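The values are calculated or read from the model by the stated rules, or taken from the named source; none is laboratory data. From a predicted model like this one, the values you see are computed outputs, not experimental measurements. Positions of Cβ are generated from backbone atoms using ideal geometry, with glycine treated the same way; all protein chains shown enter the neighbour counts. Keep in mind that these areas ignore ligands, DNA and RNA; they rest on the heavy atoms of the full protein, side chains included. Shrake-Rupley method; radii C 1.70, N 1.55, O 1.52, S 1.80 Å.
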Amino acid sequence: IICLVEPEAAPALQESILRGKATHTSGPISNMGRLDCKAPSHAALKYLALEADYLMTLEDEFVSNEITLLDKFDLQTSPSGGAGFAGLIYCLKNSLLDINDQSRVLIFISEGPSDD
């Protein structure tokens, strides 16, 4: 299963897939900075329109809260880098996609903490 996670404020890929054509979206600025795309990447859209099995949008606050769970594994990331992990937690909390203790899940966590 390929699950697409986007910010609620920028569902450009999801809207494009659902409408069957590239669609620009509008909304507030998301804390998932690198995922805050109001227009879809045409390369991503071409692939994901064919391959994505599940489309989800997540609220900024939910993602920010859930990625703090990564701290106990000494993994730190930004909301955009941890959106996939937050998507997994959302699926587990809502019994989506039949994920259970026998499931094998691959998540890419990108973007380390900033050096501020």
### Message
If I model a spin label as a point 7 Å beyond the Cα along the Cα-Cβ vector, how far apart are those points for Glu111 and Ser26 in nm?
### Response
2.4 nm
### Summary
If every Lys and Arg gets +1 and every Asp and Glu gets -1 at its Cβ, then about the Cα centre the chain yields a dipole, in debye to the nearest 20, of 520 debye
### Task
Pick out which of Asp36, Asp60, Asp71 has the largest mean-square fluctuation in a Gaussian network model of the chain, springs linking Cα atoms closer than 10 Å.
Asp71
### Query
Which length gain, in nm to one decimal place, applies between Arg19 and Leu92 when the Cα-Cα distance is subtracted from 0.36 nm times their residue separation?
23.5 nm
### Query
Counting only protein heavy atoms, what percent of the accessible surface of the chain is carbon or sulfur at a 1.4 Å probe?
51 percent
### Task
Report the far tail of the P(r) of the chain, meaning the percent of Cα-Cα pairs longer than 20 Å.
42 percent
### Message
Leaving out ligands and nucleic acids, and using a 1.4 Å probe, what accessible area per residue does the chain come to in Å²?
### Response
65 Å²
